[in-house]
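> Shown below is the structure under consideration.
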Amino acid sequence: MKVFVTGATGFVGSAVLKELLQAGHEVTGLARSDKAANLLTEAGVAVHRGSLEDTDSLRQAAREADGIIHLGFIHDFSNYEAAAEIDRLAIEAMGSELEGTDKPIVLTSGALMVAPGRIGTEEDEASAHSIRHSETAARALVQRGVHASVIRLAPSVHDVGDHGFMHTLIHIAHSKGVSAYIGDGTNRWCAVHRLDAAILFRKALEHAAAGKMLHGIDEEAIPFREIAEVIGQELGLPAASISADEAAEHFGWIHFAVAADAPVSSTLTREWMDWTPVHHGLIADLKQGHYFTEA
């Protein structure tokens with residue numbers, strides 16, 4: 001299959017590229033810069049120059065592909081609504097070229113706000129508090145006959161090279177001199193190893209039914225206090241509770257995620273996709289030390 005991948009040089013995207021190539025697919029990656037283009041070439045991937053804002057370029061790439069995996073997103077938390085709108089327009093542009101075909105498009109969403117306070121499942125609708133529009137866009141495409149599915153990724157997709165939430169939490173703990181959690185720290189996060197997530201994206205491209213919401217989740221409910229305590233141990237800092245009123249000042253923009261009680265199941269995804277995560281979990285990954293070499 002000729003597969004077009006956005007976000008192809010990113011943390012998750014680079015692993016997805018390898019997974020697709022190993023499975024025998026022909027892959028083209030979106031590259032905004034010369035640096036990205038060079039990385040794709042070195043990986044043995046064809047280069048499509050463009051950006052998420054260049055919808056004409058995205059349409060061209062979609063027309064030439066047999067399937068699409070959309071991982072690209074502008075992670076600008078100072079203007080997240082604008083980034084979400086760019087994402088929606090990019091999905092619309094690519095999806096419009098797939099109407100009247102059975103070509104699959106796999107989109108990306110987050111699992112953090114699926115069902116706050118209880119274990120979320122694949123049958124839950126996205127939370128009304130979610131700013132990202134990918135799930136709404138996916139449903140609109142399915143109604144037009146496009147073979148679209150969505151993978152909701154855990155807030156922690158972990159592995160060497162992760163510069164997401166874990167990296168930010170470690171930086172905050174290092175700068176503040178304490179690894180904090182809110183209240184009793186019993187709120188729960190889910191997690192998945194990057195290489196397990198990459199396998200799921202490939203399986204979704206090949207086999208997911210139109211309209212499926214899939215969960216890229218290995219560990220469904222890790223108490224946040226446990227995460228904070230391991231970060232403290234690795235940095236040689238105390239782990240301590242702070243109040244909800246102190247959270248915004250202490251954690252900055254990430255405070256909403258730190259406070260979230262967001263356990264999420266992947267039971268149905270494992271059944272539907274014959275997917276079994278095999279790599280080590282988040283706590284074991286943190287204890288390997290690679291997250292702390294730059295702290």
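The values are calculated or read from the model by the stated rules, or taken from the named source; none is laboratory data. Just so it is clear, the model here is predicted, and its values are computed rather than measured. Glycine gets a Cβ as well: all are built from the backbone with ideal geometry, and neighbour counts include every protein chain shown.
> Of the conditions (1) assigned by TED's automatic domain parsing to the domain that holds Val142; (2) among the hydrophobic types (A, V, I, L, M, F, W, C); (3) over 28 Å from Asp66 (Cβ atoms), Ala180 fails just one. Which one is it?
(1)
> Would you please list the contacts, defined by Cβ atoms under 8 Å and residues six or more apart or on different chains, that run from a residue in the range 273-295 that is touching a residue at least 40 places away in the same chain (Cβ under 8 Å) to a residue that is of a type in the set (Lys, Arg) and surrounded by 14 or more Cβ atoms within 10 Å (Cβ to Cβ)?
Once the first residue is touching a residue at least 40 places away in the same chain (Cβ under 8 Å) and sits in the range 273-295, its partners that are of a type in the set (Lys, Arg) and surrounded by 14 or more Cβ atoms within 10 Å (Cβ to Cβ) give Met273/Lys203; Asp274/Lys203; Trp275/Lys203.
> Of all strands (runs of 3 or more DSSP E) completely enclosed by the range 1-70, which ones contain at least 3 residues that are of a type in the set (A, V, I, L, M) and assigned by TED's automatic domain parsing to the domain that holds Arg132?
Output list reads 26-31.
> It is to be established whether one or more residues within the range 196-217 are aromatic (Phe, Trp, Tyr), free of Cβ contacts under 8 Å to residues at least 12 places away in the same chain and in contact with a helix residue (DSSP H, G or I) (Cβ under 9 Å, 6 or more places away or on another chain).
For the range 196-217, residues aromatic (Phe, Trp, Tyr), free of Cβ contacts under 8 Å to residues at least 12 places away in the same chain and in contact with a helix residue (DSSP H, G or I) (Cβ under 9 Å, 6 or more places away or on another chain): absent.
> Let me ask something additional. Would you check if there is a residue in the range 264-283 being of a type in the set (Phe, Trp, Tyr), within 20 Å of Ala126 (Cβ to Cβ) and touching an Asp or Glu at 6+ places or on another chain (Cβ under 9 Å)?
yes
> Which condition number in (1) at pLDDT below 95; (2) at positive phi is the one that Gly50 fails?
Single failed check for Gly50: (1).
> May I ask you to say which residue of Leu89, Leu107, Leu98 is within 25 Å of Lys2 (Cβ to Cβ) and surrounded by fewer than 22 Cβ atoms within 10 Å (Cβ to Cβ)?
The match here is Leu89.
> Condition test on Ser156, is it in contact with a Cys (Cβ under 9 Å, 6 or more places away or on another chain) and either modelled with pLDDT of 95 or more or outside the structural domain of Ala31 (by TED's automatic domain parsing) (or both)? Give the derivation first.
Values: in contact with a Cys (Cβ under 9 Å, 6 or more places away or on another chain): yes; either modelled with pLDDT of 95 or more or outside the structural domain of Ala31 (by TED's automatic domain parsing) (or both): yes.
Yes, satisfied.
> Filter the range 80-138 for residues that are among the small types (Gly, Ala, Ser) and in a loop (DSSP other than H, G, I, E, B); which is nearest to the chain's Cα centre (by Cα)? Steps first, please.
Just the residues of the range 80-138 that are among the small types (Gly, Ala, Ser), to begin with: 82-84, 90, 93, 95-96, 100, 109-111, 115, 117, 120, 126-128, 130, 134, 137-138.
Right, trim to in a loop (DSSP other than H, G, I, E, B) and you get 100, 111, 115, 117, 126-128, 130.
Working: Gly100: 28, Ala111: 9, Ala115: 17, Gly117: 21, Ala126: 15, Ser127: 16, Ala128: 19, Ser130: 14 Å.
Looking at residues that are among the small types (Gly, Ala, Ser) and in a loop (DSSP other than H, G, I, E, B), I get Ala111.
> If I filter the range 154-166 for residues that are in a helix (DSSP H, G or I), surrounded by fewer than 23 Cβ atoms within 10 Å (Cβ to Cβ) and within 17 Å of the chain's Cα centre (by Cα), do I get at least one hit?
Taking the range 154-166 as the starting set, the residues that turn out to be in a helix (DSSP H, G or I) are 165-166.
Adding the requirement that they be surrounded by fewer than 23 Cβ atoms within 10 Å (Cβ to Cβ) leaves 165-166.
After this cut, where a residue has to be within 17 Å of the chain's Cα centre (by Cα) as well, the list is 165-166.
So far as the range 154-166 goes, yes, one or more of its residues are in a helix (DSSP H, G or I), surrounded by fewer than 23 Cβ atoms within 10 Å (Cβ to Cβ) and within 17 Å of the chain's Cα centre (by Cα).
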